[in-house]
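Written below as structure tokens is the structure these notes are about.
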Amino acid sequence: ERVKATRPSFEYEIRELFEVQPTMADRDAPVVRSVAASIERVLARQPDYVVSPGTYDQKHIDRIGRLKNCIAYGPGSLDLARQPDEWGGIDDMVGSAEVMA
């Protein structure tokens, strides 16, 4: 708008090129309760429930596949996910595999 104010012939439009709708499973869904119980049992801590800032495939499974209550779970920190220096500790990977098993 600042450019347009100084150049009356300047035209522009804003359009969305990519959109990701968030999805979150119901906390009472069997898969959520089962994974939460496994986290508590294996890792001896309460699970975190978050809407992921990433673009995991569960959005496709939910909307296109119509399989509700799909979750994403795995080792590591969301703060590091999909970053150039992303890494996961061995203990986190082993614990996560035990939870899933």
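Overview of values
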read-out: Matching option when the condition is at pLDDT 85 or above, surrounded by 12 or more Cβ atoms within 10 Å (Cβ to Cβ) and of a type in the set (D, E, K, R), among 62, 92; value: 92
read-out: Conditions (1) assigned to a loop (DSSP other than H, G, I, E, B); (2) open to solvent by less than 60 Å² (accessible area, probe 1.4 Å); number of the one not met by residue 50; value: (2)
read-out: Filter pass, residue 35 being touching a residue at least 60 places away in the same chain (Cβ under 8 Å) and surrounded by 13 or more Cβ atoms within 10 Å (Cβ to Cβ); value: yes
read-out: Residue tally, condition in contact with a helix residue (DSSP H, G or I) (Cβ under 9 Å, 6 or more places away or on another chain) and either open to solvent by less than 100 Å² (accessible area, probe 1.4 Å) or under 30 Å from residue 51 (Cα atoms) (or both), over segment 1-11; value: 1
read-out: Long-range neighbours under 7 Å by Cβ, at least six apart or interchain, first residue of a type in the set (Ser, Thr, Tyr) within segment 2-28, second open to solvent by less than 100 Å² (accessible area, probe 1.4 Å); value: 23/58; 23/59; 23/62
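Table: residues versus (1) more than 21 Å from residue 94 (Cα to Cα); (2) part of a loop (DSSP other than H, G, I, E, B).
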site	(1), (2)
9	yes, yes
18	yes, yes
41	no, no
62	yes, no
77	no, yes
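The values are calculated or read from the model by the stated rules, or taken from the named source; none is laboratory data. Note that the structure is predicted; figures quoted are calculated from it, not measured. Every residue, glycine among them, receives a Cβ derived from its backbone with ideal geometry; neighbour counts consider all protein chains shown. Note: areas computed on protein heavy atoms with side chains; ligands, DNA, RNA excluded. Shrake-Rupley method; radii C 1.70, N 1.55, O 1.52, S 1.80 Å.
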